[in-house]
Each structure stands twice: as structure tokens, then as C-alpha cells.
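The values are calculated or read from the model by the stated rules, or taken from the named source; none is laboratory data. Just so it is clear, the model here is predicted, and its values are computed rather than measured. As a convention, Cβ positions derive from the backbone with ideal geometry for all residues, glycine included, and neighbour counts pool all protein chains shown. Surface accessibility is based on the protein's heavy atoms, side chains included, excluding ligands, DNA and RNA. Shrake-Rupley method; radii C 1.70, N 1.55, O 1.52, S 1.80 Å.
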Amino acid sequence: MNAIYEKLMQCYDSIRKQTDFQPKIALVLGSGLGDFAETIEVAQTVEYSSIEGFPTSTVQGHRGRYVFGYVDSVPIVAMQGRVHYYEGYSMADVVLPIRLMKRMGAEVLMVTNASGGICEQFQAGDLMLITDQIASFVPSPLLGPNIDALGTRFPDMTEAYDVELREVIAQTAERIGVPLRKGVYIQFTGPQFETPAEIRMARVLGADAVGMSTACEVIAARHMGMRVCGISCVSNLAAGMTGKPLLHEEVQQYADEAAPRFQKLVTESIIEINRIL
Ligand code: HPA
């Protein structure tokens, strides 16, 4: 059997010994949304470290556990802390947690993250509905022999971010009065922040926000046929746009300030998305 698939199945067996929870929607909590777990009616938590073979996250501000529970009676699983490529894991390991949530039953993936704003109109603290992505600067998580049990060799990425889900989130934001930008997310490996020249390049390429995660997760999710949507918290303007250096602490601070709006939008969007599933 394929070693990556074997590891996934090992993790699946391991987590199924701890919980039989069946999530409908999977959620990745990015920087600034870590506290979202406190708004979930928690049924069970599972530490990543307790899952045999599971990559464990190291970055500060990210806890490492799955939270199973309900958002207004919608069964969800949330990743409190994700795995980043810059931590040194293979891309297969980085996306294993996503694949595992699908294996457990989740048909929809909602990704969230903190990003640097590239679009000139953006401000620190803005929320952005992700409409498309550029993953060309990181290795694909699908490199190597295709795992036919997960999906097809050449998955279509035309509407990676589901049109109907995007519409639901945009309408929800309008209804609850949360301003929401729209844009394209570009993933770089990090962990260093970008140079101003890299940001100018990314802008020319059509990117509106930059980060060090997410796009690879979306590829793995689409490979498995999940419907995907994503919201980014623009925690800072990207390198070279303000004349000031970027500091992780400041990025975290703006993400924290946006957290209440971010949480409300995610909660309401989950409820509305569940209605159309
Ligand atoms: N660049 C990359 N990743 C980020 C940034 C940024 O400016 N802000 C938050 N995550």
C-alpha cells in the first residue's frame, strides 16, 4: 500500500479509537481564530500528539488539537492549530489532518488564516473572502504516485473555492453587517516574511493577500472532492507597503483585534452553509 495512505489509515484507526463523532463541516482555525473553539459546544477534543503518526504543530499561537462539537447544532470538527510546511514537514504530512477530517465524514472544508494584504485598498484588520488561490510557489501535496482511493490524478481546480459557498458567506456577511473584501490568496513557504520585491511580484501575478498556509490544504481537499470555502484575516499590509518592518507579534495583535468579527462571520456562515447541504 502507498505509505502516505497507510499513514492516513493508521491515524484514522487511532482517532476512531478515541471518538466516533461524525462531522459535517471541517474548519481550520488560523491565527486570530484560535479562540473560536470556545464558541463551539464541545463534544470532545483530541490532541494531535495522541494520534499515532500525526504531525504535531510547533508554531506559537497555534495549539495542536481537533475540537469536535456543534455550532448551533451543526456537527463540526475544528483544527485548533494547523501544520505548516515551514516547520519542516513534507507536504503529505501538512495535508494529512485535512484528509483525516474528510475520512471522518466532513464534506465541506472552511479554511481560515491570517494574511498580509497586497491589494492597495486593503487595511490591517480587513476580512477577505478567498475567491481563488496561487499555489505555484509551494510543492503540490499531490506529488508522487496518485492515491486513487483519495481522488483522481489530475483534479480540476477551476472553482477550487465553491461558488455557492462563496455566495452564502458574502450574503451572510452583508446580513450581519461585517465588511468583507474578496480576493486571491497566494501561498509562499515562509517562514521569513516576503521582501517588498516579492510582494510587487505577487501583485503583478494577481494576488491580493499572502500567507504561509492554506492553498496546499485546499488542493488536498479538492483532490478528495470536498467543497471548499475560505476567509482570510488581513492582519497586516504586506512587506514594503507601510515602510515599517513586519513583526509576528504585530500580525498576531491585528488578528486578535479582528477576532470577534471573524468569529461571528464564521459562526453565522457555518449555520447558513449547513442549510444548503
Ligand atoms: N506574509 C506572510 N504571511 C503572513 C503575513 C504576511 O505579511 N501576515 C500574516 N501571515
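Brief remarks on what is shown
- Taken over the range 233-251, residues that are outside any loop (DSSP other than H, G, I, E, B) and near the ligand (Cβ under 9 Å from one of its atoms) amount to 7.
- The set of residues from the range 99-138 being closer than 26 Å to F68 by Cβ, crowded, with 24+ Cβ neighbours inside 10 Å and either within 14 Å of the ligand (Cβ to nearest atom) or among the acidic types (D, E) (or both) comprises V111, T112, N113, A114, I130.
- For the range 198-233, the set of residues classified as among the aliphatic types (A, V, I, L, M), in contact (Cβ under 8 Å) with a residue 12 or more places away in the chain and farther than 27 Å from E167 by Cα consists of I199 only.
- Test for H223: is it within 12 Å of the ligand (Cβ to nearest atom), open to solvent by less than 80 Å² (accessible area, probe 1.4 Å), of a type outside the set (A, V, I, L, M, F, W, C) and over 14 Å from G117 (Cα atoms): no
- Test: L109 is assigned to a helix (DSSP H, G or I), among the aliphatic types (A, V, I, L, M) and in contact (Cβ under 8 Å) with a residue 24 or more places away in the chain: no
- Counting the residues of the range 160-215 that are more than 12 Å from the ligand (Cβ to nearest atom), in a helix (DSSP H, G or I) and surrounded by fewer than 17 Cβ atoms within 10 Å (Cβ to Cβ) gives 13.
- Within the range 1-39, considering residues that are of a type in the set (D, E) and under 21 Å from the mean Cα position of the chain (by Cα), the one surrounded by the most Cβ atoms within 10 Å (Cβ to Cβ): D35
- Every pair of residues 6+ apart whose Cβ atoms lie under 6 Å, when the first sits in the range 174-196 and is under 16 Å from C216 (Cβ atoms) while the second is within 16 Å of the ligand (Cβ to nearest atom) and of a type in the set (F, W, Y): F188/F137; T189/Y85; T189/Y86; G190/Y86; P191/Y86
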